[in-house]
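Below is one structure, written out as structure tokens; comments come after it.
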Amino acid sequence: MNNNLSNIKKGKYFLDKHNCIGLPTETVYGLAANAYSNKAVLKIFKLKNRPKNNPLIVHYHSLEMLKKDCIVNKNFLKLYNKFCPGPLTLILKLKKGSNVSKFVTNKKNTLAIRFPSHPIAINLLKILKYPLAAPSANISSKLSPVTKKHVEEEFGKKIKYVIEGGNSKIGLESTIINLTARPEILRLGSLEISKLSKTLNSKLKFKKKSSLKVPGQNSLHYSPGIPLRMNCKNANSDEAFILVKKRNKNDKNFFYLTTSGNLTEAAKNLYSTLRTVKKKGYKKIAVEKISNKGIGLAINDRLQKASTK
Ligand code: TXA
Ligand code: MG
């Protein structure tokens, strides 16, 4: 714990100087910077090579601070009370006079916000005077990192500091819901749609082509950098074969996300496994069929984007 405390203080030191740091969260690691500082936020875009028109998520720990930046509505409060802190991002209207850097929102009047539940993220946010803008800590369109080492692999010496926070518990990016109009899911995540719908008392849908156009949901995303095909019964010997059900034989190109069929475990292992097979020198990936239920929907969504040519 003491170790965590000094790491958090070190993180604050760099953030206060308008630098970016790697931040552990329960979904994936973020590349965090002071959301109120133009200088700091621009560094995020530069490091990630992210198009400037792709807005960022701002991370808070207190409702009080959030209320200074955006307009809170009834649907927000329902979801906040039930799911925050947690793997949920909500799009709200930005308040006039908010301190959030115009580069975070690409000068638009909406803001994506999240309350992360990772204790390190919470304890860091508690000692800061500003919320943290944090996209996933990867070069744009590549795989999100789920360990400190992954973040270091992405940015090398270009990043000043990454806080150690273990393996991200969930392993997939947060669910995103737009609350500025009729609630709509913009990105699938680990939360079950039925539970979210129940809380809002309205049936939420995920449309691949949402009414709210954001470049971050374009195809080719979450890419391992080598071709990937889905729903495979078998793989060729030159392909890494990613599996979720135990097979009788065990070939050297088999990589299990889970052997028990537990898709929550599969989600947690997905990005690490994709990185591993690439490091092992495979030039192609085949993935076994994964059922489109619960978190399986989000896994398949990421695989689909990763497989886009
Ligand atoms: O789990 C997560 O959400 C992680 C951790 C670090 O919090 N963050 C993350 O951020 O995945 P990023 O930037 O990689 O993905 C955020 C997505 C992008 O697709 C972006 O286009 C969308 O959110 N987004 C951000 N602001 C938005 C807005 N105002 N309206 C609609 N979409 C928005
Ligand atoms: Mg991302």
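The values are calculated or read from the model by the stated rules, or taken from the named source; none is laboratory data. Note that the coordinates shown come from a computational prediction; the quantities given were computed from them, not determined experimentally. So basically every Cβ, Gly included, is an ideal-geometry build from the backbone, and we count neighbours across all protein chains shown. When the accessible area is computed, the model is the full protein with side chains, heavy atoms only, and any ligands, DNA or RNA have been set aside. Shrake-Rupley method; radii C 1.70, N 1.55, O 1.52, S 1.80 Å.
For this structure, a couple of remarks:
- Taking segment 239-275 as the range and being modelled with pLDDT of 95 or more and among the small types (G, A, S) as the test, the residues that pass are A240, A266, A267, S272.
- When R187 is tested against (1) surrounded by 19 or more Cβ atoms within 10 Å (Cβ to Cβ); (2) basic (K, R); (3) over 28 Å from N49 (Cβ atoms), just one condition goes unmet, and that condition is (3).
- Pair list, Cβ < 7 Å and 6+ apart or interchain, from segment 4-22 residues that are farther than 11 Å from I163 by Cβ to residues that are β-branched (V, I, T) and surrounded by 14 or more Cβ atoms within 10 Å (Cβ to Cβ): C20/I44; C20/I159
- With respect to the conditions (1) within 16 Å of ligand 2 (Cβ to nearest atom); (2) in a strand (DSSP E or B); (3) not polar (S, T, N, Q), G171 lacks only one, and its number is (2).
- Any chance K39 is open to solvent by 60 Å² or more (accessible area, probe 1.4 Å) and more than 13 Å from ligand 1 (Cβ to nearest atom): yes
- Criterion: at pLDDT below 95, outside the structural domain of K278 (by TED's automatic domain parsing) and more than 23 Å from N75 (Cα to Cα) - qualifying residue of S211, S219: S219
- Scanning segment 235-256 for residues that are in contact (Cβ under 8 Å) with a residue 24 or more places away in the chain and in a loop (DSSP other than H, G, I, E, B) yields A235, N236, D238, V244, N253.
- Check on N269, open to solvent by 20 Å² or more (accessible area, probe 1.4 Å) and outside any helix (DSSP H, G or I): no
- Failed criterion for K305 (all others in (1) modelled with pLDDT of 95 or more; (2) assigned to a helix (DSSP H, G or I) hold): (1)
- For segment 183-200, filtered to residues that are within 16 Å of A112 (Cα to Cα) and in a loop (DSSP other than H, G, I, E, B), the residue that is farthest from ligand 2 (Cβ to nearest atom) is P183.
- Which numbered condition K245 misses (of (1) more than 22 Å from the chain's Cα centre (by Cα); (2) open to solvent by 60 Å² or more (accessible area, probe 1.4 Å); (3) under 21 Å from N81 (Cβ atoms)): (3)
- Y13 vs. criteria crowded, with 19+ Cβ neighbours inside 10 Å, under 15 Å from L132 (Cβ atoms) and more than 15 Å from ligand 2 (Cβ to nearest atom): no
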